[in-house]
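The values are calculated or read from the model by the stated rules, or taken from the named source; none is laboratory data. These numbers were taken from a predicted model, which means no experiment stands behind them. Note that each Cβ is placed from the backbone with ideal geometry, even for glycine, and that neighbours are counted across all protein chains shown. For accessibility, only protein heavy atoms count, side chains too; no ligands or nucleic acids. Shrake-Rupley method; radii C 1.70, N 1.55, O 1.52, S 1.80 Å.
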Amino acid sequence: MPRRRQVPELFGGQPVIAFRQEIDRRRFLTAAAIVGVGGTLAATSWRDPRALAQASMSDLDILNYALTLEYLEADFYRQGLEAAILEGRELELVGPIADHERAHVEALTDTITQLGGTPAELPRFTYPDGTFEERDAFLSTASTFEELGVTAYHGQITAIESTDLLAAAAAIAGVESRHAAILADLTGGNPFPAPVEATRTMDEVLAAAQDFIEGSR
Amino acid sequence: MGLTRRTLVKGAALSIPAATALNLLGTRFAGAQASDFANDVEVLQYALTLEHLEAEFYRQANAAGLLSGKEADYLQRIGADEEAHVVAIWTTVEQLGAVPVPPPGVDFGQAFASRESLLDSAFTFENVGVSAYLGAAGFISDPAILQAAAGIFGVEARHAAILGSISGRQAEGGVYMGATETPLPRADVLAAVQPFLTGAGGAADEAAVTS
């Protein structure tokens, strides 16, 4: 019987209800109305104009934010694989990650366009000297990017208004979690840092990412 | 029926063509059964049943003495995560004024006959769990619960990837399941775990989660 009476150290160390009360009321009402339950879900699809109408400016902002992070990851892995510093099982495990990040860029770009938005421009990226010269530096940076990406997606979960976009973002976020776990394993880190994924705000993520974007600081 | 339901974890067959990932997802998500869950408590009870099953699986797995070194360490941590999920969801259900579903009766068959069968079963549970959470996410209306469910979903994906890796599976279709995770509707998930639910407790729980 796994039941325990203690309150678990989850949700930022706060009991669920306390955590819940921190949610902005306006956001709560908006999300509750749009995420909805079965009926709402079944009514929305990409072919349904109502689904498109749900895409708010803020959803487009979030999509472009995600796109910028995926651009960074895709560029990073492309350079890392071109540098040919991995071999064997490590190469086998990292190769598909590059494919996934490129697929995420394509999917997000297409989605933003379909929703009538303008995809963010591809930034010029810069990395610390030596990043692509040896395995340790490359995989260590990769691990940092993956953990950053996971917390970035999870930080937007309650901000996304469209059910379809929420599903898509979650489907991508799960893959980033897989990447993060594998890179932690490859670099001697902890693949399971917490029972629930952590979150970062957009400001926190962009502050970390801008070190890698030329001209952003 | 095999110990693991490979038909539900098809590996590479589940990967999604890159450029159309989001479009496909939207379509398939809309194709979920609209009646799968009526409210947040139903989603939570469903998740709780799966977490009970996983937690009990790892309790038995970690007591079987089949693993050593890093593998044993990883499965201990995964088991601890599943227990944390049980406690968190149980507490949340209570706070919402409902009675949490109790742990089902389980029988993992020959899962603990060998290291390989243990890891194989764990791999299947984790990947079904990932898809179960994704399939249920759209039915959650409370943003705090959605945040927590998404956070648990991500950790299940970490478990799935590591289990794929330590059991030596191919990267794509073993460690990763494509560029996006794939949701499963409730009926498919329940069909996948059905072989492991037994006895009066199992039947009662099954009734609870399928009612």
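A few notes on this one:
- Chain A packed on chain B takes about 6200 Å² of accessible surface away from a 1.4 Å probe, both sides summed.
- Shielding score for A:153-166, defined as the mean number of other chain Cβ atoms within 10 Å: 4
- Protein accessible area in region A:170-210, 1.4 Å probe - carbon and sulfur %: 53 percent
- Residues in region B:157-191 occluded by at least 40 Å² - accessible area, probe radius 1.4 Å, against chain by itself: B:ARG158, B:ILE162, B:SER165, B:ALA171, B:TYR176, B:ALA179, B:GLU181
- Label-point separation, A:ILE213 to A:ASN190 (7 Å along Cα→Cβ), nm: 3.0 nm
- In this calculation the C-beta distance from B:GLN60 to B:ALA191 is compared with R0 = 22 Å, giving a FRET efficiency of 0.50.
- Peptide B:81-92 - average C-beta neighbours from other chains (10 Å radius): 6
- Whether region A:64-217 is rounded, prolate or oblate, judged on the alpha carbon gyration tensor where a/c under 1.5 counts as rounded: prolate
- Linear extension gain, B:ALA38 paired with B:SER114, 0.36 nm per residue minus alpha-carbon span: 23.3 nm
- For the pair region B:49-102 and region A:126-159, the centres of their Cα atoms are 29 angstrom apart.
- Listed peptides B:178-190, B:145-157 by packing density, highest first (mean Cβ within 10 Å): B:145-157, B:178-190
- Per-residue 3J(HN,Hα) values for region B:73-78, derived from phi via the Karplus relation 6.51 cos²θ - 1.76 cosθ + 1.60 with θ = phi - 60°, read 4, 4, 6, 4, 5, 5 Hz in sequence order (x marks Gly and Pro).
- Rounded if a/c under 1.5, otherwise prolate or oblate - region B:76-211, Cα gyration tensor axes: oblate
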